[in-house]
Ligand code: CP3
């Protein structure tokens, strides 16, 4: 597989990648992308269907609102998808989970496809996200992963001593995570060709935090202690994770996702100076090694003070949480980058008039500027009222198409001259 040589000094910025995305937005042959033959799918039928889907699909998904927004092109209505759109707030998902444990579900390509496609169809969102988990890569790294009932992930044994870093395995994702790539091929074949499929991965810091803490954490004290105490071990760990994660992402693109979201969910526990010192070089290293052609959404929470530095690390779109005002954040980020967000997920517990007013407020802040993808500031919570989620998607489409079809130029945003 062709990957760019890692160069930590090269500026990543959205601009260079955006040019490549534009070039690649037409039919991109595997040959022209420097790729070898695509590996066989999880069955001859799935492979054929996936192939047919790809042929019909390329043009269809490239014209989607979601991919247009990723390329910062104008759209007829603001695209929306929701983090954790396939999950426990949905009855179909709960019924399935009553029969199948979570990790078993992640490892069954047919069920993954069913869960992913059902959520996208029922909500009428503009993109599907492959049903998987951030931590699937923990097993091939050589640690044990389990999900205990209602407790979240537990990783054993946690990586605490600097010497533990040397014990991490190298990851050959196509071998050890074949089920995920089969699931992507299956899902791409089953999904409407007009709907892009999003793949995802952790960023090195957030993955490191799970490995070191052994699960979730309130203060990340083990992670930060290792980081502050032993710079050499930290660097070795982050470089190892950056390399494994970029391979993991590239194999997802190769299997058929059209875009990738990278989650640095817990990086907000650091201030800007520590982010630049201990995180940015490795996130940049990972993102620079991602093959061109699939836009990258770079997401984190608690990142109000980190946004400019996160942009420097890379990504075509910055995913923002609900603790910043969207217009102010986008203004700070400047030209050449899109923004995804940022409705507080808890707003969905209020009545629909309130949800509508908060939705309108975010669309007003985006002001029709090309490159806005509507999403929540973080994932849907398990007991969110289902009907409000469906209503939100319809509201975003209705309110934004009304705004975007208005003939006047939005006041808050002066469109830059279009390059031919
Ligand atoms: O968004 C989607 O619909 C795709 C699926 C998806 C899941 N996890 C399914 C899941 C995605 C994108 C993730 C990412 C993920 N996983 C993150 C980053 C996301 C973020 O919120 O920033 C993290 C930190 C994880 C690790 C993880 N997996 C945790 C902390 C938990 C437990 C929390 C919980 O809600 O129970 C999981 C389990 C998990 N991953 C569930 C789902 C639907 C719930 C499992 C169940 O059915 O019981």
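Since every read-out is calculated from the coordinates, none of them should be taken as a lab result. Since the structure is predicted, the reported quantities are computational estimates derived from the model, not experimental observations. Quick reminder, even Gly has a Cβ in these numbers, built from the backbone with ideal geometry, and neighbours come from all protein chains shown.
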Q. Considering the Cα trace of the range 145-229, what is its radius of gyration and what is Dmax, both in angstroms?
A. 16.6, 50
Q | Order by protection proxy (mean Cβ within 10 Å, highest first), peptides 215-221, 120-126, 144-150 | A | 120-126, 215-221, 144-150
Q: Find how much the distance from residue 161 to residue 144 grows on full extension, using 0.36 nm per residue of separation minus their present alpha carbon separation; answer in nm with one decimal.
A: 4.4 nm
Q) With each pseudo-label sitting 7 Å past Cα toward Cβ, what's the residue 404-residue 308 distance in nm, one decimal? A) 3.1 nm
Q) Label residue 179 and residue 217 with points 7 Å out from Cα along Cα→Cβ: what is the distance between them in nm? A) 2.8 nm
Q.
Can you classify the range 96-137 as rounded, prolate or oblate using the Cα gyration tensor, where a ≥ b ≥ c are the square roots of its eigenvalues, rounded means a/c under 1.5, and otherwise it's prolate if a/b beats b/c and oblate if not?
A. oblate
Q | Packing-based ranking, highest mean first, of 152-160, 129-137, 283-291 given that Cβ atoms within 10 Å are counted | A | 283-291, 129-137, 152-160
Q: Pull out a ≥ b ≥ c, the square roots of the eigenvalues of the alpha-carbon gyration tensor of the range 258-298, then state rounded if a/c is under 1.5, prolate if not and a/b is larger than b/c, and oblate in the remaining case.
A: oblate
Q. Full extension from residue 73 to residue 364: what is 0.36 nm times the residue separation minus their Cα-Cα distance, to one decimal in nm?
A. 103.0 nm
Q: Would you kindly give the portion of the calculated P(r) for the range 331-374 that falls above 13 Å, as a percent of all Cα pairs?
A: 57 percent
Q: Tell me the label-point distance for the pair residue 230, residue 95, using the 7 Å Cα-to-Cβ offset, in nm and rounded to one decimal.
A: 5.1 nm
Q: Calculate I(q)/I(0) for the range 261-398 by the Debye formula, one identical point scatterer on each C-alpha and no solvent, and give its log10 at q = 0.16, 0.18 Å⁻¹ to two decimals.
A: -0.83, -1.00
Q. Tell me, 61, 330 in order of fewest to most beta-carbon neighbours within 10 Å?
A. 61, 330
